[in-house]
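The structure appears right after this line, and notes come after that.
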Amino acid sequence: MQCPYCKANIPINKEYCPFCGKRVTVGFDAIAASVHDDASVRRGEQLTSFLRWSFAGLLIVGAVLFGLNDLWDHPLVYDGADLPAPDSPPSEPTSPGTILKPYKEIQPLVAYEGQAPRVFRYRLDPMRTQLRDMHGGSAQTGDAVRRGLDYLRSQQEPDGSWPVNTGNLRIRKEKSQAAEFQWARTGLTALALLAYLGEGETWEVPPGRNPGPYTDAIKRGIKYLMDGQDAQNGRFGPPDGNFMFNHALATQAVAEAAGLSGDPHLRAAAQRGIELIERTQGTRGGWGYRDQINQRQDTSVTAWAVQALVAAQQAGIKVNPEVLAKALKFLDEVTDPRTGTTYYGVEGQASGVPKQATPSYAGVVLMLRQELGENSTSPSVRLLARRTSEVHPRSKKEWGKDWQDKGSDLDKERALTFDPHRLYFATNGLFYFGGEDWVSWNNQLVPALLDMQDRDGSWRANDIWSVKVGATYSTALSVMTLQVYYRYH
């Protein structure tokens, strides 16, 4: 309140003014006015404090919303923008380029305007089970696939890859060639991922659901492949060894993952992988071990390159039809039209390597020629189907879960009989062909593969390819063989 004499502001409880020293008589009206003034001051201070804290709160909320919006656009799935890619050797005139940096991250799997349609959805239940049972599979084959996928998950490395390791095979140590095939890690990782993708599995977690048993394995595997893509020429994996095997397998895996998810960055990565395959097609229509169009072309690399092209086309990724037509011409050239004998290459190539008869490749060519559109009524296809069916799958229980070491004779017999590469291609080729040939083959395939599966879910082969890269290879191919009923619809 104010002193009535000197007009100074003094506390209401003071009897004498501290400024003029005169006694102050306080009336009721003065007390009421002072209380009113004090309340006004306090309200002003409270309002100022409220506005100050409200402004700070708005700043915090804005920062959180900005961060969430940025995370939505750039999720924490893969961020390899500053991870260096391996160095590339000097490029030849026909090679696609040199390595720069990896590709972008996987985008969130949500529907938005302009998102590509998702394909391969028939690999999911209930259609997967319906197709399986309709075409000759069973609950037993479904259980074998699941146990195989469990085994593959147990073998994955922390970086998302699958190692080239033959220590998990039952072979003599001197027979292992893993040391010379370490370059194949990218292709082996892609092959394991293809086994998961064959079940319609992705890293996607639908709203309100928990992650599936393989969600993390698939996410880390895809990340490994995406990390290793050359940002300039689109090649998956380093330029080591016979790297076109790696590239073709990885391109197929990324194309199928893009088809299942509709993810635009996976589609872009697959498109760049396809363009490299198209640029490196040889003059005869096939592919070789490296990215040079004037090299020797062979059936083995061509098999995986064609599957990558077909998978991409099914996923709605742009594929040049002229490349497919040339590939079909190459497959026709490696087939003897009179006998159905298939060859590893064709005569007159730059390397000077003569063509070699490879009877086990009849199923490879049978599958690919039908995938590329050749009708099953074609005389060449019918001849290939007959050649493929000449040696049906067979097994012995002691090769799988009841394995017993009986010496080198068993080792040799198993190596000559259980060839996962042949079984995969022959099974798909005869499935496309259909009829009694397929029924007869499938009736012997299923018990053979079930017998040969080990108790840990793996298939431990002893063929020329398994001894190079290990049981991940033979297990992934065996799983994909048992997915034939619904893998391609």
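Numbers for the structure displayed
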quantity	calculated
Per-bin percent of Cα-Cα distances, region 93-487 [10 Å]	5, 24, 35, 27, 9, 1, 0
Residue 459 long-range amide H proximity, modeled H, under 5 Å	454, 475
For region 361-366, 3J(HN,Hα) per residue [Karplus equation, 6.51 cos²θ - 1.76 cosθ + 1.60, θ = phi - 60°, Hz, x = Gly/Pro]	8, 4, x, 4, 5, 4
Residue-span extension gain [residue 436 to residue 127] - 0.36 nm each, minus C-alpha spacing	108.8 nm
Region 254-291 versus region 437-460: alpha-carbon centroid distance in Å	31 Å
Filter on 223/397; 326/412; 223/401; 223/468 - keep pairs with C-alpha separation over 27 Å	223/397; 326/412; 223/401
From phi via Karplus (6.51, -1.76, 1.60), per-residue ³J(HN,Hα) for region 473-489 in Hz, x at Gly/Pro	4, 5, 6, 4, 5, 5, 4, 5, 5, 7, 8, 4, 5, 9, 5, 10, 10
Spread of Cα-to-Cα distances over 10 Å intervals beginning at zero, given as percent, for region 372-489	13, 44, 31, 11, 1
Separation in nanometres of the label points that stand 7 Å from Cα toward Cβ, at residue 154 and residue 268	4.0 nm
Amide H contacts of residue 229 (H built 1.01 Å from N, under 5 Å, at least 5 apart or other chain)	103, 237
Mean Cβ count within 10 Å, highest first, over the residues of peptides 466-479, 157-170	466-479, 157-170
Kirkwood hydrodynamic radius of region 435-489, from inverse mean 1/r over distinct Cα pairs, in Å	12.2 Å
Prolate/oblate/rounded call for region 134-287, Cα gyration tensor, a/c under 1.5 rounded	oblate
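Every number in this text was worked out from the coordinates using simple rules, so none of it is lab data. All values reported here derive from a predicted model rather than from experimental measurement. Cβ coordinates were reconstructed from backbone atoms using ideal geometry, including for glycine residues, and neighbour counts include every protein chain displayed.
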